[in-house]
Every structure is written in structure tokens, then in C-alpha cells.
Amino acid sequence: MKDIKYLAAYAIPLAAIIGLTLKGNWAFFTPVFAFVIVPILELLLPVRTENLDPTTAASKLTNPFFDFLLYLNIPLVYGMVGWFLWSLTWVDYSVYEIIGLTFSVGIAVGGNGINVAHELGHRNTRWEKTLAKILLIPSLYMHFYVEHNYGHHLNAATAEDPASAKYNQTVYSFWFTSMFRQYVSAWKIQLDLLKRSNSSFFSIQNDMLYYTIIQLSYLGLVLFFFGKAVLLVALGIGISSAILLETINYIEHYGLRRNKTKSGRYERVSEIHSWNSNHVMGRVMLYELTRHSDHHYKSAKKYQVLDYHDVSPQMPYGYPTSMLIALIPPLWFSIMNKRIPVEMRQ
């Protein structure tokens, strides 16, 4: 019965659906729920640091329930996005409601689209990797699959990694640098992969090319069936979800850096190179993404068996609360800078 706690991961899309149904001020219910109600709950609920014993972990690894929870996000995300975009053609929304619902659906796409795609993208089966790419379409962030798996996990906590925030860098600066550099990095990685396999730019091996075609086709279908105004909303959903992802990226590695060895190479990624949180709400709502050190330590490890490590840097608050604090840079710096080891402050 303890495993049903992961049903809480559907709380954000449920909040968005409530907003879509009730409209009015409820259009903003999702951001209020995610960044006001959840942080309050995180302060009230206990922090859980215990890890699973080997027998229990082995049992959970073979339990299809945990995978089913991930797969269910595909119809949920597409149903929610499709419903909202379609409703714009016949519901007389106010501008206020459209703004609120765009943010709400964008937050849900970020949390239950990109985040779940991140988990599935690390799986070993081709069909699960395909599901990951499908989930990235509404966020217009399919390049994330290439950059994250072939770039970020190699370069995390170094200056070469676009998704690792520098010491004293604001989240607002990071949004721009990370988005731009990750897209450029994804193309560089793709071109290098093509060169290594001796494949042409127009080869079927060029994932970045067909990601671009797929995403343009998605936007083209929105334009064709729903019109220009709805196309702008679809773009807004994509941007909102991307900003949510990049805010999570910001807090995950902020200020942490790997040292270079005598050979000039960086030391291996270890448990000390990611920020972690054991606050229960953030853990279950983000499919244990908050145990981020163990994810980088063993990237193929499934979310339900990720471990807590005593040596890992710990955030004083959960991920949702930390994301909110990050939006106030002086407050963020005053809380986090003193927690960064002196030798990492660059």
C-alpha cells in the first residue's frame, strides 16, 4: 500500500484539469497548488532518509506498477493539452483565464511530460525511449533527449555543461544560457555522432533533424486545425514547461563543480555533485528526481529504488520550495552559497 504514494505525481495535472473545468480564478490553481500549497505541505510533512533493503528493492524493480504509473502520463499529458487547445476554439475564455491555463498546462507538461520523459529516456528498451521522445513533443524540447543523455551526464557539474548553474548565477540568466547552449550542444553532439557513424546529414540517424520535423509538424497541425491564436498558446505551453525544467536544472547542480585531475580530465561524477532533497511531497510528485545524486551515480537506476547518500549535498527545503526561492536571487544566494564547499566556488 505504501507504493500508492506515487499517485501524488498526478496531482499537478489534476490541478490543471480542475482549472480547465472550473475556469475563472481556478485557471491559476495549478501554480498556486505547486508553489504555495505543496511547499507548505513539505514544511509540515517529515523528511524521509531511509533506503530500501536489497530484497525490497529487487521486488520493486520487477513490479510493473511503477512502470505503468509512468506510461499513464502519455494519454494524460496529450489529453490535457488537446482538450485545452481544442476548447480555445469554442469556449469564450477571458485573456486572464488563457494566461492562467497556459501556465497551468505548461507546468503539468513540464512535471509529467518532460520529467517522465527524462526517466523513460534512461531506460534500456527502445520502445520506452520512444515513449520519452513522444512525451517531449508538447514541450518542444525533443533535443533534451540528445543533450541530456549524451552531454549532461558526461559533463554535469563542469563549466562545459549548459545545465549546471554557476556559482552566483541567477535563475533568470540561467534560463537563457541553458536553453540556448543545450540546443547548440545537442546539434554538436548529433553532428559528431553522424560523423562517427559515417552517416550523412539527411540520414535517418540524424535524430535532431527528425525531431525538428516532428515539432514543426505538431505546430503545423495546431495551426491547421485551431488557428493562429491557438498556435501562440501551444508555444506558450512549450515555453512554460521548458522554464519549469530549467528551473529544476538550476537548483539540481547550482554552484557544484568537479575538480580536474592531473591528467587534465574531470574527476568522475559522484554523490557530491548534485543537490538532493528527501522532502516527501517533492520526492513522490517528481518520481524521486530529488534523489538526484544517486541518479547521476547510476543513471539507469529506476526511480523507485533510488537511494539517499549521507555525503550528498542536501537542500534545506524540497524541490518545489527551492524553485520558488530561486526566483528571488538574493534570498537564494543567502541560503545556498554558504552550503557550497569553498573549493567549488568558482
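Observations
- Subset of the range 92-124 [more than 17 Å from LEU235 (Cβ to Cβ), open to solvent by 30 Å² or more (accessible area, probe 1.4 Å) and modelled with pLDDT of 95 or more]: ASP92, SER94, TYR96
- Residue match in the range 262-271 (condition: crowded, with 17+ Cβ neighbours inside 10 Å, over 15 Å from ASN51 (Cβ atoms), in contact with a Ser or Thr (Cβ under 7 Å, 6 or more places away or on another chain) and of a type in the set (A, V, I, L, M)): no
- Looking across the range 313-346, the residues that are within 12 Å of SER277 (Cα to Cα), assigned to a loop (DSSP other than H, G, I, E, B) and of a type outside the set (A, V, I, L, M) come down to PRO313, PRO316, TYR317, GLY318.
- Top-ranked residue of the range 230-261 - restricted to ones that are modelled with pLDDT of 95 or more, open to solvent by 40 Å² or more (accessible area, probe 1.4 Å) and over 17 Å from the mean Cα position of the chain (by Cα), ranked as nearest to GLU119 (Cα to Cα): LEU235
- Tally, over the range 272-313, of residues that are open to solvent by 20 Å² or more (accessible area, probe 1.4 Å), among the basic types (Lys, Arg) and within 18 Å of ALA163 (Cβ to Cβ): 0
- Enumeration of residues in the range 322-337 that are open to solvent by less than 20 Å² (accessible area, probe 1.4 Å) and either aromatic (Phe, Trp, Tyr) or at pLDDT below 95 (or both): TRP332
- Residue check for LEU41: of a type outside the set (Ser, Thr, Tyr) and touching a Lys or Arg at 6+ places or on another chain (Cβ under 8 Å): no
- A Cβ distance below 6 Å, combined with a sequence gap of six or more or placement on separate chains, defines the contacts here; from the range 88-107, residues that are of a type in the set (D, E, K, R) reach residues that are crowded, with 21+ Cβ neighbours inside 10 Å in the pairs GLU97/ALA27.
- Per-region count, the range 60-106, residues more than 28 Å from VAL305 (Cα to Cα) and of a type in the set (D, E, K, R): 2
- Test result for VAL222, open to solvent by less than 30 Å² (accessible area, probe 1.4 Å), of a type in the set (A, V, I, L, M) and in contact (Cβ under 8 Å) with a residue 12 or more places away in the chain: yes
- Positions within the range 305-319 being more than 16 Å from the chain's Cα centre (by Cα) and in contact (Cβ under 8 Å) with a residue 60 or more places away in the chain, in sequence order: VAL305, ASP307, TYR308, MET315, TYR317
- First in the range 285-304 and at negative phi and part of a helix (DSSP H, G or I), second anywhere and β-branched (Val, Ile, Thr) and surrounded by fewer than 21 Cβ atoms within 10 Å (Cβ to Cβ), Cβ under 8 Å, 6 or more apart: SER293/ILE272; HIS296/VAL269; TYR297/VAL269
- The single condition among (1) surrounded by fewer than 19 Cβ atoms within 10 Å (Cβ to Cβ); (2) touching a residue at least 24 places away in the same chain (Cβ under 8 Å); (3) under 30 Å from TYR93 (Cα atoms); (4) of a type in the set (S, T, N, Q) that THR170 does not satisfy is (3).
- Some residue of the range 268-280 being within 30 Å of SER200 (Cβ to Cβ) and assigned to a helix (DSSP H, G or I): no
- Residue list for the range 159-190, restricted to those being more than 22 Å from MET208 (Cβ to Cβ), aromatic (Phe, Trp, Tyr) and in a helix (DSSP H, G or I): TYR172, PHE174
- No other residue among LEU45, LEU140 is open to solvent by 30 Å² or more (accessible area, probe 1.4 Å) and in contact with a Gly (Cβ under 6 Å, 6 or more places away or on another chain) apart from LEU140.
The values are calculated or read from the model by the stated rules, or taken from the named source; none is laboratory data. Bear in mind that the values here come from a model prediction, so they are computed numbers and not experimental data. Because the Cβ atoms are built from the backbone with ideal geometry, glycine has one as well, and the counts that use them run over all protein chains shown. These accessible areas exclude ligands, DNA and RNA; they are computed on the full protein's heavy atoms, side chains included. Shrake-Rupley method; radii C 1.70, N 1.55, O 1.52, S 1.80 Å.
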